[in-house]
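The values are calculated or read from the model by the stated rules, or taken from the named source; none is laboratory data. Everything quoted here is computed from the prediction, not taken from an experiment. Heads up, the Cβs are rebuilt from the backbone with ideal geometry, glycines too, and the neighbour counts pull from every protein chain shown.
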Amino acid sequence: MANTAYIIESLKKQIASFKQEAIMEEVGSIIEIGDGIARVSGLSECQASEILEFPGATEAEKTFGVALNLESETVGAMILGDFKHLKEGDKVSRTKRILSVPVSDDLIGRVVNPLGEPIDGQGSIKSKTFYPLERIASGVITRESVSEPVQTGIKAIDAMIPIGRGQRELIIGDRQTGKTAVAIDTIINQKGQNMICVYVAIGQKKSKIARIAAKLKETGAMDYTIIVVAGASDPASLVYLSPYTGAAIAEYFMDQGKDVLCVYDDLSKQAWAYREVSLLLRRPPGREAYPGDVFYLHSRLLERACRKNKEHGGGSITALPIIETQAGDVTAYIPTNVISITDGQIFLETDLFYRGIRPALNVGISVSRVGGAAQIKPMKKVAGKLKLAMAQFRELEAFAQFASDLDPETKRQIDRGARVTELLKQPQYSPMPVEEQVAIIYAVNSGFFDSIAVSEISAAEKKFLTLLQREKKELLGVIAKGEWDEKIENELKKTCEEFVK
Amino acid sequence: MKLKPQQFAAALYEITQGKSEKEIDKIIEDFTALLAKKNKLGWQEQIIEKFLSYSMKQEGIMETQVFTAKEISKKMAEKIAETVFKNQKIKVISIVEKELLGGFVVKTEDKILDLSIKKQLQNLKIKLIE
């Protein structure tokens, strides 16, 4: 065959061009190994968080580790991946590379592990650029205050707890309260919003991750989403590193001037993994057995969320960290830490969830400290009233349970509140565009729905929206652009009046 | 504080420094008594090992191992080690390892220079796979 000659020829060429290289390698040897942590002697010039090369299970593949503790005689390293084949006395060599992940535009739509390797079986990802996992957050000079909104598509959040691009908004609640659902709905709603999403699954069940990936694919959200996975079966070292991988990937896109949304689901599991690694490295335990630097663990991660100004590319990273509380206890160590780091929090409660209020948002204690500046004008106008109505309703609700005869003013407020609460209910995977939110909130706030029974609200809402979509497309378009004046308000009012008739 | 063999070895080195043989005899006697008192006689071997490496480090001598496929003369091994680590006091140990096929490997406590045929073949293999 003609091919044979060619193969031999190119083989000869390869071998001829093969240069004998002699590089002085710096080596050490394992003195102690167990639970994914190795103590290594030698390596006197090793850097912190440098990648170390361990012998692999087979000769072709190497096992890697990261130097974490640099002590006088030894180096404490955590092993990334399987460690069962490693034994005392094995050779460990330096790579002189700081822990980093390969990044490229090809990552979009892929599922990768915390080392940036694809795990979705769709072939390798080509990239020449590496981003370090740990990077100092952008400085003061390069930043700008939040000015553009992230539309989550969830009525209660967009109206009352608005999130801006570059903000860090914590989603906190017990298990099974729909924390992930809020984050996933937000990702789904980013379609056509010029946003890249990174979903970091930290210590999650593989089945849950598969379900989320399938849902994102089904809704077309995978066209702008990257999933970073460290499953529940992965070693603690990978679980601990995964959010930083997500942040590094997000930074790559931000440096191109893009807006990125990064969901960390969830950081309490990362704190557990870090506690495990730290205890095995014999760092002294502190409160709840977490090491002294758990605060720094989360602050350095979330501080990387930012909004850059025009001179520095203008990109942004919005962080949506998730924290799972145990029995509603937000005064535990990790929740208080993360609450203090973030620019606001969304509280989800079991009680509300079982009362059928879904998303189970507690709007009373949920806040957004900077997002208000980013709301579009029409939303700002209608949401102010909404917040007031909800606050009054909460105050009167408990009181009204015992009173039978109420004065008309109180009754009116309670009725309005009940309707608003009903309105804010929203099923999963059905985000709503902001202009429709504005219209419906306006209608309820102005009392146009007062004549409709509470149980009929959601049906009426649907009818009202179809009417708008059919006949008032232009009006919706104007609102979506962020314009709001008397003329627009009057037109909306007229539409509502027509609808009620 | 918990004591380690390393600390015993270092202490022994420091007190025996610049002493005559007679004095050393006395020191060793006291030292053994101390070990017995501390219940650490079992550490004898580790202490000797640490003592050797510690004293070499203090005197600036590097222990170097030269691995070759075939047996070579001591002089040659020394010459190889000297070329690799210039301007250093070196103590050379020559070891024969057939697996290397050819060439040599020079190794110290935390550095390794691999110029063996085996390593070259491995590199070639990796390159061809690429």
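Anything in region A:428-477 that is in contact with a Pro (Cβ under 9 Å, 6 or more places away or on another chain) and either among the acidic types (D, E) or farther than 27 Å from A:A181 by Cβ (or both)? List them, or say none.
Selection gives A:E435 alone.
Give all pairs with beta carbons closer than 8 Å in which a residue from region B:103-130 that is more than 9 Å from every other protein chain (Cβ to nearest Cβ) and at positive phi meets a residue that is of a type in the set (S, T, N, Q) and surrounded by 15 or more Cβ atoms within 10 Å (Cβ to Cβ); count only pairs at least 6 apart in sequence or on separate chains.
Correct list of pairs: B:G103/B:T68; B:G103/B:S116; B:G103/B:Q120.
Do we have any residue at all in region A:313-320 that's surrounded by fewer than 19 Cβ atoms within 10 Å (Cβ to Cβ) and either at pLDDT 95 or above or assigned to a strand (DSSP E or B) (or both)?
no
Residues B:K57, B:K79, B:K91, B:K50: which one is surrounded by 17 or more Cβ atoms within 10 Å (Cβ to Cβ) and among the basic types (K, R)?
Exactly one of B:K57, B:K79, B:K91, B:K50 is surrounded by 17 or more Cβ atoms within 10 Å (Cβ to Cβ) and among the basic types (K, R), namely B:K50.
I'm checking my understanding of the structure. Among residues of region A:10-60 that are β-branched (V, I, T), facing chain B (nearest Cβ under 10 Å) and exposed (fewer than 13 other Cβ atoms within 10 Å of the Cβ), which one is nearest to A:G76 (Cα to Cα)?
My answer is A:I23.
Taking the residues in region A:451-466 that are surrounded by 15 or more Cβ atoms within 10 Å (Cβ to Cβ) and under 35 Å from the mean Cα position of the chain (by Cα) as candidates, determine which candidate is nearest to A:M432 (Cα to Cα).
Among those residues, the one meeting the criterion is A:L465.
Consider only pairs whose beta carbons are under 8 Å apart and that are at least six residues apart or on different chains; among these, list those whose first residue lies in region B:4-17 and is within 14 Å of chain A (Cβ to nearest Cβ) and among the aromatic types (F, W, Y) and whose second residue is assigned to a loop (DSSP other than H, G, I, E, B) and surrounded by fewer than 16 Cβ atoms within 10 Å (Cβ to Cβ).
Hits for this filter: zero, empty list.
Which of the residues belonging to region A:327-340 are surrounded by 19 or more Cβ atoms within 10 Å (Cβ to Cβ) and of a type in the set (A, V, I, L, M)?
If the condition is that a residue be surrounded by 19 or more Cβ atoms within 10 Å (Cβ to Cβ) and of a type in the set (A, V, I, L, M), then A:I334, A:V338 are the ones that fit.
How many residues are under 14 Å from A:G166 (Cβ atoms) and not in a strand (DSSP E or B) if we restrict to region A:294-312?
So the count comes out to 8.
Only one of (1) in contact with a Ser or Thr (Cβ under 9 Å, 6 or more places away or on another chain); (2) within 12 Å of chain A (Cβ to nearest Cβ) fails for B:T83. Which number is that?
In the conditions (1) in contact with a Ser or Thr (Cβ under 9 Å, 6 or more places away or on another chain); (2) within 12 Å of chain A (Cβ to nearest Cβ), B:T83 misses (1) alone.
Mind checking which residues of region A:470-498 are under 25 Å from A:D450 (Cα atoms) and either crowded, with 16+ Cβ neighbours inside 10 Å or of a type in the set (A, V, I, L, M) (or both)?
Of everything in region A:470-498, those that are under 25 Å from A:D450 (Cα atoms) and either crowded, with 16+ Cβ neighbours inside 10 Å or of a type in the set (A, V, I, L, M) (or both) turn out to be A:K472, A:L475, A:L476, A:I479, A:W484, A:I488, A:L492, A:T495, A:C496.
What number goes with the only condition from (1) closer than 22 Å to B:L128 by Cβ; (2) in a loop (DSSP other than H, G, I, E, B); (3) among the hydrophobic types (A, V, I, L, M, F, W, C) that A:A16 does not pass?
So A:A16 meets the others, but not (2).
Are any of the residues in region A:61-72 away from chain B (no Cβ under 14 Å) and part of a loop (DSSP other than H, G, I, E, B)?
no
Evaluate the following for B:A81: is it modelled with pLDDT of 85 or more and not assigned by TED's automatic domain parsing to the domain that holds B:A10?
For B:A81, the condition - modelled with pLDDT of 85 or more and not assigned by TED's automatic domain parsing to the domain that holds B:A10 - is not met.
Among (1) more than 16 Å from the chain's Cα centre (by Cα); (2) closer than 27 Å to A:P114 by Cβ; (3) among the basic types (K, R), there is one condition A:K179 misses while meeting the rest; what is its number?
The single condition A:K179 does not satisfy is (1).
Between a first residue in region B:21-49 that is farther than 14 Å from B:K4 by Cβ and a second residue that is in a helix (DSSP H, G or I) and basic (K, R), which pairs have beta carbons less than 9 Å apart while being 6 or more apart in sequence or on different chains?
none
Within region A:241-259, can one find any residue that is more than 24 Å from A:I188 (Cα to Cα) and in contact with a helix residue (DSSP H, G or I) (Cβ under 7 Å, 6 or more places away or on another chain)?
No; the residues of region A:241-259 include none that is more than 24 Å from A:I188 (Cα to Cα) and in contact with a helix residue (DSSP H, G or I) (Cβ under 7 Å, 6 or more places away or on another chain).
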